Amino acid sequence: MSVFEVRDAVCASWDTAMKHTILFVAANPRGTDSLALDEECRAIQHELRLTADRDDFDFRSEWAVGIDDLMRSLNALSPSVLHFSGHGARGSAHNSGAPGGPHRDVDAPRSGGILLQGRDGAQYVDHRALAAMIASAPPVPRLVVLNACYSATAADSLRQVVDCVVGVEAAIGDTAARDFAVRFYGALGYRRHSIGTAVEQARAAMNAKQLPGDIVTCCPRNGMNADELYLSETRATPDRVVGSMRAPVFDEPSPNGEPLHRPPLLDIRPSAARTAAQPTGSGTWPAGAGSYDLFLVHAPAHKASASALYDLLQPVVRVFLACRSLSTHERREQAVSAAQRSSYATVLLIWPRTELTWYLSDEIITAIALHRAAPNAHQLLAVRFGAGAGLPRCFREVETLAAPAGDLTGVAERLRELVAALSPAAAAPRTLLLPALDRRAGCDPFRVHERLCQLTDAMFEQIAAQAGIDRGSFASRAAPLAERALDIALLVALDPVLCRRLSTELDRRAPWTR
């Protein structure tokens with residue numbers, strides 16, 4: 001068999017195996033208002049067929065779904081998107097009904113649950129139970145759409161399990177719910193649109209039809225931005241097949257132990273669509289243009305050494321270094337962020353006596369967030385030049401490369417080996433889910449570090465304890481106060497809730513630090 005025959009055979013098998021499965025589940029139990037769920041299902045299917053990326057979707061529907069049916073479908077299909085259409089629970093605090101025909105709400109002890117098919121009628125499932133059901137059937141869907149009344153109440157529970165939840169804040173009529181679904185999937189079927197954009201299109205279309213579009217909500221996982229969440233590419237091109245002659249490798253095993261070749265479900269990108277990566281005339285790769293192999297980060301004092309390492313890596317390695325890769329007309333913040341998110345690894349270049357606050361820069365916080373969200377998709381490596389180049393506590397689990405202070409050639413060789421090891425994964429699309437970094441005044445890690453450094457040792461420990469910070473998550477009491485403050489500043493930079501708690505304690509117990 002020739003290489004081209006192998007390519008065609010592999011591509012043909014991927015066409016069916018590597019798609020985003022949308023699982024439409026419907027329930028209209030006896031004793032509830034009759035809903036035109038079949039019309040909604042047909043309308044979504046029709047709209048998806050009209051989209052440019054229709055071949056990337058496998059639309060499945062299940063009817064009169066009960067608890068066992070839902071679990072069976074999640075196990076069998078492993079959907080990227082779970083769409084529930086039916087009745088939602090209305091708590092006693094809410095008024096009954098929605099304008100315009102049959103409505104999708106029913107009386108229940110509290111709002112936020114859904115009604116599935118039961119043995120003798122409706123089976124109420126609260127949002128916590130629904131979240132537990134979804135979590136128990138990995139790989140879990142990454143997007144859940146609850147097209148039912150008061151379903152937005154379930155978002156807090158569900159987004160602990162999935163990456164994004166689309167729901168409804170109030171009572172919604174059957175016609176409005178159907179119009180929302182059609183326009184939402186009509187936008188999502190063009191994968192260049194983010195989930196947030198698809199929701200906004202649905203809202204706008206509903207409002208234009210005098211329907212209550214504002215009651216539709218989009219709730220991403222804490223810290224994420226729905227405008228930067230996209231359905232990822234699902235199929236490898238023939239050129240990639242010929243180049244690697246292997247299928248993309250994913251870490252999830254199937255129940256029988258065989259590799260499970262299913263597409264990454266969500267991709268995180270800058271708001272503007274990425275362009276194809278093409279080298280410029282100088283041999284560098286422009287920021288945000290597809291993917292880089294390595295993204296180099298260094299303290300300002302070591303710009304010359306980082307630039308020399310960049311020269312040793314080029315042109316074999318696609319490497320981004322801000323001082324060399326950015327053109328003068330580019331907006332630095334956006335270009336650097338786009339380049340880092342499209343890189344396969346962030347490399348921290350660390351020399352002795354590096355200023356502690358450098359570790360609080362956006363590039364380093366982003367690197368930690370990317371690596372924690374998808375460790376197999378975005379590597380994090382610290383290169384330590386010379387003795388005495390310390391690391392904050394949160395980097396102790398990060399892979400570290402020790403090098404003599406002037407051994408840039410040896411480091412370049414090791415980094416080329418790293419890139420070679422990453423190359424098989426480079427043939428497959430990656431899943432990068434990045435929490436949005438909160439830079440409001442109260443949550444600025446630089447400001448948090450500065451305030452903590454003004455405290456006495458005793459007050460520092462008291463405030464950290466009152467804020468609920470685990471004592472084992474930052475340096476010991478024997479460490480200098482500045483190092484302990486750095487560890488905590490890194491923690492709060494990635495956890496807005498923790499940051500608010502700490503800021504509240506600082507305002508209450510140490511107002512002079514403001």
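Since every read-out is calculated from the coordinates, none of them should be taken as a lab result. These numbers come from a predicted model, not from an experiment. Please note: Cβ atoms are built from the backbone with ideal geometry, for glycine as well, and neighbour counts cover all protein chains shown.
So here's what we get for this one:
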{"read-out": "Cα shape, region 106-183, gyration tensor, a/c 1.5 rule", "value": "oblate"}
{"read-out": "Prolate/oblate/rounded label for region 150-233 (Cα gyration tensor, a/c 1.5)", "value": "oblate"}
{"read-out": "Note, ³J(HN,Hα) from phi for region 30-46, Karplus 6.51, -1.76, 1.60, rounded to Hz, x at Gly and Pro", "value": "4, x, 10, 4, 6, 10, 8, 5, 5, 5, 4, 4, 4, 5, 5, 4, 4"}
{"read-out": "Amide H within-cut-off set for Gly118, under 5 Å, with H built and near neighbours excluded", "value": "Gln123"}
{"read-out": "Label-point separation, Arg508 to Glu413 (7 Å along Cα→Cβ), nm", "value": "5.8 nm"}
{"read-out": "Region 27-89 - Debye-derived log10 I(q)/I(0), Cα point model, q = 0.30 Å⁻¹", "value": "-1.36"}
{"read-out": "Cut-off under 5 Å, modelled amide H: who pairs with Ala402 long-range", "value": "Arg384"}
{"read-out": "Normalised convex hull volume, region 341-424, alpha-carbon set, Å³ per residue", "value": "93 Å³"}
